[in-house]
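The values are calculated or read from the model by the stated rules, or taken from the named source; none is laboratory data. Since this is a predicted model, take the numbers as computed values, not measurements. Here Cβ is always computed from backbone atoms with ideal geometry, including for glycine, and neighbour counts include all displayed protein chains.
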Amino acid sequence: MPGASRSLTVAHLTTVDVSLRFLLLAQLRAVRDAGGVAIGISAPGPHVPALEREGIRHIPLSSSTRSADPRADLRAARELYAVLRRERVDVLHTHNPKPGVYGRVVGRLARVPIVVNTVHGLYATEDDPWAKRLPVYSLEAAAARCSDAELYQNPEDLALAERWHLTRHARLLGNGVDLDRFDVRRVSDHRRRAERDALGATDDTVLVGAVGRLVAGKGYPELFEAMASLDPQRYRLVVAGSEDPEKADALTTTALDEARARGVVFAGHRDDVEPLYAAMDLFVLASHREGFPRAAMEAAAMSRAAVATDIRGCRQVVDGGRTGLLVPPRDPPALAAAIEQLGGDPELRRRMGGAARARAEVEFDERRVVERVHAAYLDAARRKGVTAVTATLGHGSASVRHIGPGR
């Protein structure tokens, strides 16, 4: 067993490095700040230097891909086994979909003391046909037998997993964002106006914003159709997100060109997305499937009313009628009507935006997520006698202790 005399080492396994930087950085920092060694394992990519500047060590899996490629996945699993046998990892924390399956199995085979998995969103819900649900549920049930803790971001997924006996040692994790970073009060009025000017939005323009990868599953075809039915002199859509050609549902060049011709502004990937949220009059997420959408939480923290599809994930972030409006998925007319309802009522947007920020402060603080993750590590460590974890995290890390009452 790892001893208390050396640093705790926690490795997070994802498919690509962008997840480590933008989804898991707070968890990696918390291990570092507690005096441990934080490692990110993923395919190599452009975000590795930023991670290393944070003091996060990165180990590449050259075979890791986002596309469906079982042979590449098998090679990635072999690479991971070699890494885990070489490194003295105390906690392997995997993240689904693919690394969450092979990572848990490999972690157990490599005799990592503690294996933890976060379920960001089951890839089959009870609305899907059994032909899809059965293999997803079977893989999840098998992989869960190899972990010491299962952390579910979405309560609907947790309830489903417990109902179908897919999991063990499961707990609700939730999801969160940096509430200090995503705060509209930190964006000056001058900066907001400059952003709107750059997007061609006047004081009379209702600027509708969307943030997410350019794939059909994010509902962009329906959103483009909905925007085409609205007055182009009054409504403008800006989309921040990178292309994702490895995905089967990636938006085609033709679809993007047609959207541009209708006035859609594509801002590409933005590290500084906060001014863009501040420039928006309302936020839209038209997804077909979500786990617990980060962009919707960011928009809520930025005091923006939202229009979102009434699906798992979106309805955990957007409180229909209070912080935004929920519409059926794949329904452009309903989407257009909701955008027009909010677009035509500035007072409703202001009221819903204020309620969204208040809810974010209570429910979407990423520091609470870190606290729950470390609690899961400690629970598993105490059950298994892994002293490196209890010695490092037993009294709470600095990033966790700063959460005060009412936050």
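Okay, here's what the table says:
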| read-out | value |
| --- | --- |
| Residues located in the stretch 122-179, provided they are part of a helix (DSSP H, G or I) and of a type in the set (Lys, Arg) | Lys132, Arg133, Arg163 |
| Any hit, the stretch 73-88, residues being among the β-branched types (Val, Ile, Thr), within 21 Å of the chain's Cα centre (by Cα) and closer than 19 Å to Gly36 by Cα | no |
| Residue match in the stretch 63-81 (condition: under 28 Å from Gly176 (Cβ atoms), crowded, with 20+ Cβ neighbours inside 10 Å and among the small types (Gly, Ala, Ser)) | yes |
| Residue count, the stretch 198-212 (criterion: out of contact with any Leu (no Cβ under 9 Å at 6 or more places or on another chain) and either touching a residue at least 40 places away in the same chain (Cβ under 8 Å) or under 25 Å from Asp157 (Cα atoms) (or both)) | 1 |
| Any chance Glu195 is assigned to a strand (DSSP E or B), touching a residue at least 24 places away in the same chain (Cβ under 8 Å) and either in the same structural domain as Ala299 (by TED's automatic domain parsing) or surrounded by 13 or more Cβ atoms within 10 Å (Cβ to Cβ) (or both) | no |
| Within the stretch 322-337, considering residues that are under 14 Å from Ala228 (Cα atoms) and free of Cβ contacts under 8 Å to residues at least 60 places away in the same chain, the one farthest from the chain's Cα centre (by Cα) | Ala337 |
| Residue among Thr94, Thr125 that alone is in contact with a Lys or Arg (Cβ under 7 Å, 6 or more places away or on another chain), at pLDDT below 95 and closer than 24 Å to Leu160 by Cβ | Thr125 |
| Selection count where residues are aliphatic (A, V, I, L, M), buried (at least 19 other Cβ atoms within 10 Å of the Cβ) and modelled with pLDDT of 95 or more, scope the stretch 107-122 | 5 |
| Contacts under 7 angstrom Cβ, first residue in the stretch 116-136 being on the phi > 0 side of the Ramachandran plot, partner of a type outside the set (Lys, Arg) and assigned to a helix (DSSP H, G or I), 6 or more apart | Gly121/Asp157 |
| Hey, Val105 more than 27 Å from Arg294 (Cα to Cα), of a type in the set (A, V, I, L, M) and not in a helix (DSSP H, G or I) or not | no |
| The stretch 80-97, residues that are hydrophobic (A, V, I, L, M, F, W, C) and in contact (Cβ under 8 Å) with a residue 24 or more places away in the chain | Leu80, Val83, Leu84, Val89, Val91, Leu92 |
| Any hit, the stretch 214-235, residues being among the β-branched types (Val, Ile, Thr), crowded, with 22+ Cβ neighbours inside 10 Å and closer than 28 Å to Pro328 by Cα | no |
| Within the stretch 1-96, helices (runs of 4 or more DSSP H) holding 1 or more residues that are among the β-branched types (Val, Ile, Thr) and over 23 Å from Glu371 (Cβ atoms) | 17-22, 48-53, 70-86 |
